[in-house]
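The values are calculated or read from the model by the stated rules, or taken from the named source; none is laboratory data. Since the structure is predicted, the reported quantities are computational estimates derived from the model, not experimental observations. Ideal geometry is used to build each Cβ from the backbone, glycine not excepted, and the neighbour counts take in all protein chains shown. Side chains are part of the model used for accessible areas, which takes the heavy atoms of the whole protein and leaves out ligands, DNA and RNA. Shrake-Rupley method; radii C 1.70, N 1.55, O 1.52, S 1.80 Å.
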Amino acid sequence: MKRSQQIILSSLFLIFSSFGQQLFAQEKFPTADGYKGIWFTLGQFSDFGDKYSGGLGTYTAKHVPLAIHAPEVNRTFFVYGGTRSPEEKHLLCMIGVFDHETGMVSKPVVVHDKEGVDDPHDNPSLAIDEQGYIWVFVSGRGRRRMGYKYRSSEPYRVDSFDLISEEEMTYPQPKFIPGKGFLNLFTKYTGVRELYMETSPDGLEWSPDQKVVAIKRNGDPNSGHYQVSGQQGNKIGFFCNWHPNGNVDLRTNLYYFQTTDFGQTWTDSEGNEVEIPVLNLTSSGLVREYFSQKRNVYLKDVNFDADGNPIGLYVEGIGHQPGPENGPRSWHVVHWDGNSWQDHLITQSDQNYDMGSLWVEENEWTVIGPTANRPQAWGAGGEVQLWKSNDQGKTWEMSRQLTKGSKRNHNYIRRVVNGSDPFYYFWADGDPNEFSQSRLYFGDSDGNVWKLPYEMEEDWVKPKRWKNNLFSRWFSR
């Protein structure tokens, strides 16, 4: 078993005996005075700007989940990448709480300071166990920057955490199954990006890392994958793409795999067992073949229908660079209907890194994403729109414009697990063309939007409603 090193941080008040000073001058788990998202630029520029940049506090789609509603206390807990001031790019892994009884939000708490890292690839993800302990999984970046697991010191509290482990873990996607424990899907940079899993009955003792997917063509020295995952009861499923010879800019194809027995066996959508790690390019888990069409696949979200059949949300297009030369980017839902995969077009937008989420309630499906290409065209994100389908994804209509007249693009709209109005999803904004402030927002199932407070003097504050009218440009500042 991989033994975790549990450290009770609240007891670490060591004193320099020679100076009479605390070893740690900064308070452990301090609060911040408001919700300020991290701004980031990848630095891979072409004629129409960076490959992706902007307000990336709720980035990436591969950090799953970022928010969970706990009905036991009627509160939504959410994590994001933030900073302390609008001038900073220094990443802080933050957690906030929305109280559904009072309609108020807490000051965000700094769970982990990335100590100068400005990269939201290191953003956190979230889990809650059956005792109510809040778990924050802080992503690393290969072995250059390690990942961390934290557990709240008390159930349903976020003012203090215990550090459980430091380990190699990128893009953590923890799932908790009552009576079983944690199954964590994540990535390791073992050649180039390969998919792994680990399990734990209590979050303290973990199984060895087990490789799940590492597809290579004959002759390729490298594999490569991104994944997005979801959970329905005991079922945990994920969609992944494939990076030919590890080249992330050629990401293509769409695969699906699932487990219903806590990772002991993995199957395709039909229930046929697959041997792990999956190595075969034409595995039975292949959903859509895009490689021969030279089309890229960008994964966004996973959900399930009432029968437990998986549904994926993804965007595909002909190239990795932004701009009109690569054409419109097409948003799809792909659905296993019990017999075959059904793929349907939702809409189109102008950027591969436009990201939204998928909700499924019987025949009514909802996608919320930045599908309007403004105010910064060709940059990641845009204005947020709500799309509806009443025939299991076959046809779609844009039913509501959630934001308009914004100064900055909105992006990475993230669904809350077990979401409850009004905090049903949340996201951040930011200018993809130049360093800017990044504010955070949340919304309800009807498309009403609130702004999380950028400045806070009190420990709990009631967020202000977004004014989606002629004055909305003023409110977006």
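For the residues MET169, MET398, a 1.4 Å probe over the protein chains yields an accessible-area ranking, largest first, of MET398, MET169.
Placing unit charges on each Cβ (+1 for Lys and Arg, -1 for Asp and Glu) gives the chain a dipole about its Cα centre, and among HIS410, GLN173, ASN123 the Cα reaching farthest toward its positive end belongs to HIS410. Probe radius 1.4 Å, ligands and nucleic acids ignored: give me the carbon and sulfur share of the accessible area of the chain as a rounded percent. Roughly 46 percent, rounded to a whole number. With contacts taken as Cα pairs under 8 Å at a separation of at least 6 residues, region 357-472 carries a relative contact order of 18 percent. Per residue, region 109-210 exposes an accessible area of 31 Å² to a 1.4 Å probe, with every protein chain left in place. Relative to one another, the C-alpha centroids of region 227-260 and region 153-175 are positioned 24 Å apart. Per residue, region 342-477 exposes 42 Å² of solvent-accessible protein surface, assessed with a 1.4 angstrom probe and all protein chains in place. Each part gets one Cα centre, and for region 80-122 versus region 401-439 those centres are 15 Å apart. With the simple model of a label 7 Å out from the Cα in the direction of the Cβ, SER445 to THR265 spans 3.6 nm. Are any of the pairs LYS114/LYS216; LYS28/LYS149; LYS36/LYS464 more than 22 Å apart by Cα-Cα distance, and if so, which? Beyond 22 Å between Cα atoms: LYS114/LYS216. A simple charge model with +1 on the Cβ of Lys and Arg, -1 on the Cβ of Asp and Glu and nothing else charged puts the dipole of the chain at about 1000 debye relative to its Cα centre. When each of the peptides 44-55, 217-228 is scored by how many other beta carbons lie within 10 Å of its residues on average, the order from highest to lowest is 44-55, 217-228.
Protection proxy ranking for 348-355, 105-112, 283-290, using the average of other Cβ atoms within 10 Å per residue and placing the highest first: 348-355, 105-112, 283-290. Between region 261-283 and region 287-321, how far is it from one alpha carbon centroid to the other, in angstrom? Rounded to whole Å, the Cα centres lie 18 Å apart.
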